[in-house]
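Undergrad: One structure coming up, written as structure tokens, with questions to follow.
Derivation of every value follows stated rules applied to the coordinates shown; laboratory data play no part. These figures come from a predicted structure and were not determined experimentally. Cβ atoms come from the backbone with ideal geometry, glycine included; neighbour counts cover every protein chain shown.
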């Protein structure tokens with residue numbers, strides 16, 4: 001019997017309505033050589049507001065990642081919410097799959113929109129792209145928020161037993177689920193606290209809408225992220241950086257947050273979210289929003305203040 005209703009498609013329509021109502025419009029930018037980027041941008045640019053770029057993680061496009069946040073940021077910032085390559089309406093015919101290429105494409109969109117400087121937020125995979133953007137275009141990125149983004153990981157960390165997963169193939173299978181059963185396995189890993197029991201039909205609907213078109217390309221993105229990764233190749237950025245991490249993150253363990261803090265030294269603050277995994281829900285998300293806004297709008301916290309926040313729940 002044909003499916004007559006899609007929860008995922010309905011949610012997608014609701015997100016589009018919410019973004020439009022908030023004052024954003026959908027745009028596409030042809031960067032040439034077979035690369036097209038989609039981005040939500042201000043309908044009316046306000047020169048008196050700072051700019052804020054919101055990148056998304058793996059498995060979501062921009063408006064799905066940030067639909068619950070835009071109303072909290074729109075009054076303060078000119079918002080830019082792109083779809084990274086192979087998410088939403090962004091794609092390329094080029095073979096490149098690295099976060100460096102993703103960052104170059106994001107920079108191309110910002111330049112096309114006349115954005116010279118911006119603050120950037122990047123969760124998980126989006127944090128890899130955000131970090132690369134800050135490293136390649138330091139004059140463009142003013143401040144950086146990285147949420148559970150394991151940019152300091154090395155390929156050998158998998159062999160050394162830092163992760164629950166024992167190989168890149170296992171990581172691909174878990175993080176890019178193709179069945180409701182695999183989706184449930186993934187949810188158990190990304191959330192610290194048990195999530196509600198989502199019916200298989202809803203999970204399958206989500207997979208049909210979001211996770212079928214670019215599975216091969218997503219696998220390429222993950223492989224490029226992990227292959228031959230070494231700390232010695234990671235540039236040291238100088239922008240003020242807020243690092244937010246879940247205490248019980250099973251995707252990128254907390255040790256990587258401490259490693260990143262040591263790498264960036266005095267330019268970074270680390271906030272550890274108690275009783276939280278890789279993904280955040282409820283009050284954790286609400287508190288994270290408050291911490292991000294405080295960092296992005298106001299002066300960075302002093303080291304003493306930053307230490308006081310360690311162990312508090314954030315959203």
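Undergrad: Over the stretch 154-277, what relative contact order in percent results from Cα pairs under 8 Å that are six or more residues apart? Can you show the working numbers first?
TA: Numbers: 128 pairs, mean separation 36.3, N = 124.
29 percent.
Undergrad: Under 1.5 on a/c is rounded, so check that first for the stretch 91-247, then, if it is not, pick prolate when a/b is larger than b/c and oblate when it is not; a ≥ b ≥ c are the square roots of the alpha carbon gyration tensor eigenvalues. Don't jump to the answer; show the numbers that get you there.
TA: Details: a/c = 1.70, a/b = 1.45, b/c = 1.17.
It comes out prolate by the Cα gyration axes.
Undergrad: Then there is this: May I ask you to sort 5, 69, 87 by Cβ crowding, counting other Cβ atoms within 10 Å and putting the fewest first? Don't skip to the answer; put the middle values down first.
TA: Values: 5 7, 69 18, 87 26.
Least to most surrounded, the residues fall as 5, 69, 87.
Undergrad: Compute log10 of I(q)/I(0) for the stretch 55-131 with the Debye formula, placing one identical point scatterer on every Cα and leaving out solvent, at q = 0.15, 0.16, 0.18, 0.19 Å⁻¹, to two decimals.
TA: Ignoring solvent entirely, the Cα scatterers give -0.50, -0.57, -0.73, -0.82.
Undergrad: For the chain, what relative contact order do you get, as a whole percent, if you take Cα pairs closer than 8 Å and at least 6 residues apart?
TA: Details: 567 pairs, mean separation 48.7, N = 315.
About 15 percent, as a whole number.
Undergrad: Only Cα pairs under 8 Å and at least 6 apart count here; give the relative contact order of the stretch 164-226 as a rounded whole percent.
TA: RCO, the stretch 164-226: 39 percent.
Undergrad: With 10 angstrom as the radius, rank 244, 74 by how many other C-beta atoms surround their C-beta, starting from the fewest. Intermediate results must be reported in sequence, preceding the final value.
TA: Numbers: 244 29, 74 18.
Listed from fewest to most nearby Cβ atoms, that is 74, 244.
Undergrad: Tell me, 6, 167 in order of fewest to most beta-carbon neighbours within 10 Å? Write down the numbers at each step before the final one.
TA: Numbers: 6 15, 167 12.
Final ranking by Cβ density, sparse to dense: 167, 6.
Undergrad: Shape call for the stretch 95-142 from the C-alpha gyration tensor, a ≥ b ≥ c root eigenvalues: rounded (a/c under 1.5), prolate (a/b greater than b/c) or oblate?
TA: Numbers: a/c = 1.89, a/b = 1.27, b/c = 1.49.
Here the stretch 95-142 falls in the oblate category.
Undergrad: Throw me the Rg/Rh for the stretch 1-156, computed over C-alpha atoms with Kirkwood Rh, two decimals. Let's see the in-between values first.
TA: Details: Rg = 15.6 Å, Rh = 16.0 Å.
On the Cα set of the stretch 1-156, Rg over Rh gives 0.97.
Undergrad: What ranking do 101-107, 21-27, 128-134 get when scored by the average of other Cβ atoms within 10 Å per residue, highest first?
TA: Numbers: 101-107: 23.0, 21-27: 15.7, 128-134: 26.7.
Per-residue Cβ counts within 10 Å, averaged per peptide and sorted highest first, yield 128-134, 101-107, 21-27.
Undergrad: Shifting gears a bit: Given (1) 28; (2) 17; (3) 34 as candidate values of percent of Cα pairs over 34 Å apart, which corresponds to the one derived from the coordinates?
TA: Identified label for the calculated read-out: (2).
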